[in-house]
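Please read the structure below before turning to the comments.
Each reported figure results from applying straightforward, stated rules to the coordinates on display, with no laboratory input. Predicted model only: the values in this text are computed from it and were never measured. Neighbour counts are summed over all protein chains in view; Cβ atoms, including those assigned to glycine, are modelled from backbone coordinates with ideal geometry.
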Amino acid sequence: MLDIRLIRENPDSVKARLATRGPGHESAVDAVLAIDGERRAADTSLQGLQAERNRLSKEIGKLRASKQDSSALEAGVKSFGSRMEELNAAVTVLDARQRDLLLNIPNLPSETTPVGRDAADNPVLREWGTKPALERVEDHVAIGERLRLFDFERGGKISGSAFVVYTGAGARLERALINFLLDLHTTKHGYTEILPPLVVKPESLFGTAQLPKFADQQYRCANDELYLIPTAEVPVTNLHREEILPLASLPVKYAAYTPCFRREAGSAGLGTRGLIRMHQFDKVELVKITTPETSDAELESLTADAERVLQLLGLHYRVIELCTGDIGFGSAKTYDIEVWAPGQNAYLEVSSCSNFGDYQARRMNLRFKGEKNRFCHTLNGSGTALARLYVALLESGLQPDGSVALPPALHKYFGAETI
RNA sequence: GGUGAGGUGGCUGAGUGGUCGAAAGCAGCGCUUUGCUAAAGCGCCGUAGUCCAAAAGGCUACCGAGGGUUCGAAUCCCUCCCUCACCGCCA
């Protein structure tokens, strides 16, 4: 959520920065400003009446204490009760409307985010490794079916399309990856492991900005008004919602493995084969809560922590920076890490590392105590998504005989060197 | 799910429908004094919104949340949420 004061005081620069995301935000800013003026005018008159009421009520108290007649005053106070009720109702409505408008305005892109229209304008920042020279190239679905690592047909039978069942060695590989990732981030990168609930209250989704704008992407348990998490970012960042953290406790660094649930509404048939886009997938998420002064540097190290995963697995990847037209709703700055998948002949996004600035912190009222209370900055990044990592591993490790060689870092976790 | 108890400022903990935004203690900050690994005295010490060009200052709201009664609610009433205890059910 943007700071209403910032909008009030610098409407033109706010509009200009939002415009780099694409058209349509200018009118939202104007609407907020209009409501804000109306709201404050109503609130000011209400407060004036309240002050008057309080003053008179105290006088009534005094009169009564000295056994004097106070009926005239009482009638006076009572007479502006209806006016107060009216104003109070107006303020409540305007307040809610203003909040609703603000919740639907995206974050300002960072000054350092490259300006661009869409994904085609995202600059490649760096590459690591090279595309492997393979004798045999095969799609991971073919590999997995041959080696009986997963079963899409039965996944569809029990849960529907875009659900998969991992079986035997395939299930073990998934488990090996989870353990490898959590061990790496907790023992080498200083993150505290979190195992959060997989369903959350709507407030949590408002906090990290999945709601209200992206309600149709969430799985919702209507009976209890709970939502399946689309990413561990939601429960983990909200861990400290409504809290004031001591300065000395920052930066907070959490790593969490969870399944993630996404309806992918609108992407009919999901447009991809295999494991690349699923309704349920595993992910290890990295979350940081920092001061405003350190968040830029923390984004760099967060990205480096995610890149380390691919380096240890010997997978070729590249890092791109999302331009203003492509960054997510709440993000100020985002790096995507894309791993090379030979069978797809394409790079697959396995991590998206973002600095949200104080945008989420304002929504969830997450502050820290320095000289005075200030909003924290929040960051998160995948470290990494498992399913696409899995794709890259199968396709990159494919041997001429059809088996898959695993990178050494996974041997002890998987319990074998090949599948 | 049932019954009971309870939710007050960073913490502990008082609180009578009316000078209560809230006693007291602890913690914290500042000053003074004595001095030595501290003590004592005094003062300050919640959050948010809003008014004023701004500062100073004023005002408003907040005692789990939302309603209600009243001229006036931390205090009375209703609903909900949460915590704790016991019971029931259960992986």
**Item:** Net length gained if the chain between A:E9 and A:R53 were fully extended (0.36 nm per residue, minus Cα distance)
**Value:** 12.6 nm
**Message:** Using 0.36 nm times the number of residues separating A:E85 and A:A171, minus their current alpha carbon distance, what extension gain do you get?
**Reply:** 24.8 nm
**Prompt:** If you take the square roots of the eigenvalues of the alpha-carbon gyration tensor of the range A:195-236 and sort them as a ≥ b ≥ c, do you get rounded (a/c under 1.5), prolate (a/b over b/c) or oblate?
**Reply:** oblate
**Asked** Where in the range A:330-419 are there GluC sites (Glu not before Pro) that are in a DSSP coil and have at most 15 other Cβ atoms within 10 angstrom of their Cβ?
**Response** A:E371, A:E417
**Asked** Which order do peptides A:34-45, A:280-291 fall in by mean Cβ count within 10 Å, highest first?
**Response** A:280-291, A:34-45
**Message:** Taking the Kirkwood radius as the inverse of the mean 1/r across Cα pairs, report the Rg/Rh of chain A.
**Reply:** 1.11
**Asked** Hey, what number do you get for chain A at 222 nm if only DSSP H runs of n ≥ 4 count, each worth -39500 (n - 2.57), divided across all residues, to the nearest 500?
**Response** -13000 deg cm²/dmol
**Request:** Arrange the peptides A:231-239, A:9-17, A:317-325, A:375-383 so that the one whose residues have, on average, the most other Cβ atoms within 10 Å appears first.
**Result:** A:375-383, A:231-239, A:317-325, A:9-17
**Message:** Given R₀ = 45 Å, what would the calculated FRET efficiency be for A:Q311 paired with A:L247, taking r from the Cβ atoms and rounding to 0.05?
**Reply:** 0.85
**Message:** Multiplying the sequence separation of A:E111 and A:A72 by 0.36 nm and subtracting their Cα-Cα distance, what value in nm do you get?
**Reply:** 7.8 nm
